Amino acid sequence: MSTPISDRPKPPAPECPGNQVGPCRSCQHHTHRYGLGGNPLCVLCTRELEAWRAAQK
Ligand SMILES: [Zn+2]
């Protein structure tokens, strides 16, 4: 089970060339996914992951 995408906030639009934009691996919103500084997760999911990791210890 996972959180419905519609219940989640939208990350800000990526500020990178369009050819480096791709869907977030977790929420599918567009994010700076490829190239220099790219991340498979959007900023919101990255933040959630960091919060989750911090809560594991
Ligand atoms: Zn995301």
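Summed over region 14-57, the residues that are surrounded by 16 or more Cβ atoms within 10 Å (Cβ to Cβ) and near the ligand (Cβ under 9 Å from one of its atoms) give a count of 11. Pairs are defined by a Cβ separation below 6 Å, a sequence spacing of at least 6 or placement on different chains, a first member in region 43-57 that is in a helix (DSSP H, G or I), and a second member that is surrounded by 10 or more Cβ atoms within 10 Å (Cβ to Cβ); the pairs so defined are VAL43/PRO11; LEU44/PRO11; CYS45/CYS24; CYS45/SER26; CYS45/CYS27.
Read the figures in this text as sums done on the coordinates, not as results from a lab. Only a predicted model underlies this, so the values are computations on that prediction, with no experimental measurement involved. Glycine gets a Cβ as well: all are built from the backbone with ideal geometry, and neighbour counts include every protein chain shown.
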